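Accompanying notes for the structure given below.
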Amino acid sequence: MKRAIKLRAKADAKARRYSQLLADSIGAAEDAAAQMNALNQLYDVDVSTYTLLTKALHDGGVKGALVDELAQSTPGEELVIFNQVPDGNGGQALPDNALFGELVAGTPIIPASPSM
């Protein structure tokens, strides 16, 4: 269990680092495109401002999605998945249990104290 948790934490840290690097590289590509566009206008040429990959990442809104996900989660935050539990009692309410602070009807069962 400890090893699995450690591996999960390592994978989360790596995903965060690479996500931030990718978001930064998309930002750098946007800066380069702005500079290239200014040069195109200055010299009256038409040199491509993006590569195919950076254009696809820019147009796809990947940078915004990555930054949003990084901002909305904390390192090591766990995904909560609700498991479907089989209905073993036909949907009937479970009986009250004093362990959970519920009032139990009937005679309480008090364990005998050990005598020394």
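The values are calculated or read from the model by the stated rules, or taken from the named source; none is laboratory data. In this text the structure is predicted, and so the values were computed from the model without any measurement. Cβ placement follows ideal geometry from the backbone for every residue including glycine, while neighbour counts extend to all protein chains displayed.
Being touching a residue at least 24 places away in the same chain (Cβ under 8 Å), in a helix (DSSP H, G or I) and among the small types (Gly, Ala, Ser) is the requirement here; does residue 4 meet it?
Spelling it out, it is not the case that residue 4 is touching a residue at least 24 places away in the same chain (Cβ under 8 Å), in a helix (DSSP H, G or I) and among the small types (Gly, Ala, Ser).
Residue by residue, here is whether (1) exposed (fewer than 12 other Cβ atoms within 10 Å of the Cβ); (2) outside any helix (DSSP H, G or I); (3) within 14 Å of the chain's Cα centre (by Cα) holds:
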{"site": "13", "(1), (2), (3)": "no, no, yes"}
{"site": "16", "(1), (2), (3)": "no, no, yes"}
{"site": "23", "(1), (2), (3)": "no, no, no"}
{"site": "31", "(1), (2), (3)": "yes, no, no"}
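Looking at the stretch 33-52 only, could you name the residues that are within 17 Å of residue 64 (Cβ to Cβ) and outside any helix (DSSP H, G or I)?
50
Of the residues that sit in the stretch 41-63 and are more than 23 Å from the chain's Cα centre (by Cα) and surrounded by 12 or more Cβ atoms within 10 Å (Cβ to Cβ), which one is nearest to residue 21 (Cα to Cα)?
It comes out as 54.
Name the pairs: first residue in the stretch 40-61 and more than 15 Å from residue 27 (Cβ to Cβ), second residue part of a helix (DSSP H, G or I), Cβ to Cβ under 7 Å, at least 6 apart or on different chains?
46/40; 47/36; 47/40
So, in the stretch 64-102, of the ones that are of a type in the set (D, E, K, R) and either over 22 Å from residue 26 (Cα atoms) or over 23 Å from the mean Cα position of the chain (by Cα) (or both), which residue ends up surrounded by the most Cβ atoms within 10 Å (Cβ to Cβ)?
96
Does the stretch 91-106 contain at least one residue that is touching a helix residue (DSSP H, G or I) at 6+ places or on another chain (Cβ under 7 Å), in a helix (DSSP H, G or I) and at negative phi?
There is no residue in the stretch 91-106 that is touching a helix residue (DSSP H, G or I) at 6+ places or on another chain (Cβ under 7 Å), in a helix (DSSP H, G or I) and at negative phi.
For residue 74, state whether it is in a loop (DSSP other than H, G, I, E, B), modelled with pLDDT of 80 or more and within 30 Å of residue 7 (Cα to Cα).
Yes: the conditions hold for residue 74.
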